[in-house]
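Notes for the one structure printed next.
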Amino acid sequence: MFFENQKRLKFIALSLGLLSFGCGRPTETETAQRPTRPTLPAPKEQLDPSFYTVAHYGDERDVEADLKMSLARASTEKKRVLLQVGGEWCGWCKRLTSFIEKNETVRASVERNYLLMKVTFTPKQPNEAFLSKYPTIKGYPHLFVLDTEGNLLHSQDTGVLEDGKDGYVEDKVVAFLEEWKSKD
């Protein structure tokens, strides 16, 4: 019985290409000659959309350098800079990010008109010097709209863009984005 099962397993393994003829494992030559499987790109939702200049919050980031880079790119692309202040600790920040990335209408508006830069606010990294240039933030996430020179155009409390408990409202977010996009 044991040998019969062993023969069946070897036949199945050979059929599936798991074993080569002769021994139980392929030789180095057989392995080298075997075509390699191409690597698949990451699923679309795992790739950072191109409208980000800073896609993730991080305590170690140099926000002044990030802003300089964001403004240079915004000038080239003729877009506004949208600063999203918050952190990984913030559930509403995660909801906003997901909403922007997954809602087709909102995402299209952001892609056409803005570059989004995340600015970290945590106890370890409150970015006080950077954020002191802007109006006081009452809750997170918070959005600031800047022109290509870095001038503040608008400070947006995101609470008014929510439906109160479940997430963000497409019409409200789109209206905000349309109001503050570049008129060029």
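The values are calculated or read from the model by the stated rules, or taken from the named source; none is laboratory data. This one's a predicted model, so the numbers in the text were calculated from it and none came from an experiment. Virtual Cβ from ideal backbone geometry, glycine too; neighbours counted across all protein chains shown. Just so you know, the surface numbers come from the protein's heavy atoms only, side chains and all, with ligands and any DNA or RNA stripped out. Shrake-Rupley method; radii C 1.70, N 1.55, O 1.52, S 1.80 Å.
May I ask you to verify whether V160 is aliphatic (A, V, I, L, M) and out of contact with any strand residue (DSSP E or B) (no Cβ under 8 Å at 6 or more places or on another chain)?
Values: aliphatic (A, V, I, L, M): yes; out of contact with any strand residue (DSSP E or B) (no Cβ under 8 Å at 6 or more places or on another chain): yes.
Against the criterion (aliphatic (A, V, I, L, M) and out of contact with any strand residue (DSSP E or B) (no Cβ under 8 Å at 6 or more places or on another chain)), V160 qualifies.
For the stretch 48-69, filtered to residues that are among the acidic types (D, E) and not in a loop (DSSP other than H, G, I, E, B), the residue that is most open to solvent (accessible area, probe 1.4 Å) is E64.
Do we have E77 as acidic (D, E), touching a helix residue (DSSP H, G or I) at 6+ places or on another chain (Cβ under 9 Å) and at pLDDT 95 or above here? Taking the combined requirement at face value, the residue does not satisfy it.
Got a sec? Which of S182, S132, S109 is touching a strand residue (DSSP E or B) at 6+ places or on another chain (Cβ under 9 Å) and among the polar types (S, T, N, Q)? Working first, answer last.
Working: S132 fails: touching a strand residue (DSSP E or B) at 6+ places or on another chain (Cβ under 9 Å); S109 fails: touching a strand residue (DSSP E or B) at 6+ places or on another chain (Cβ under 9 Å).
One residue alone meets the criteria, S182.
Among the residues making up the stretch 158-170, a single one is in a helix (DSSP H, G or I) and more than 22 Å from the chain's Cα centre (by Cα): V160.
So, in the stretch 73-121, of the ones that are of a type in the set (K, R) and assigned to a strand (DSSP E or B), which residue ends up most open to solvent (accessible area, probe 1.4 Å)? Explain how you work it out, then say what you get.
Taking the stretch 73-121 first, the residues of a type in the set (K, R) are 73, 78-80, 94-95, 102, 107, 112, 118.
Next, only the ones that are assigned to a strand (DSSP E or B) stay: 80, 118.
Values: R80: 42, K118: 12 Å².
The residue in question is R80.
If you go through the stretch 143-157 and keep only what is in a loop (DSSP other than H, G, I, E, B) and open to solvent by less than 40 Å² (accessible area, probe 1.4 Å), you end up with D147, G150.
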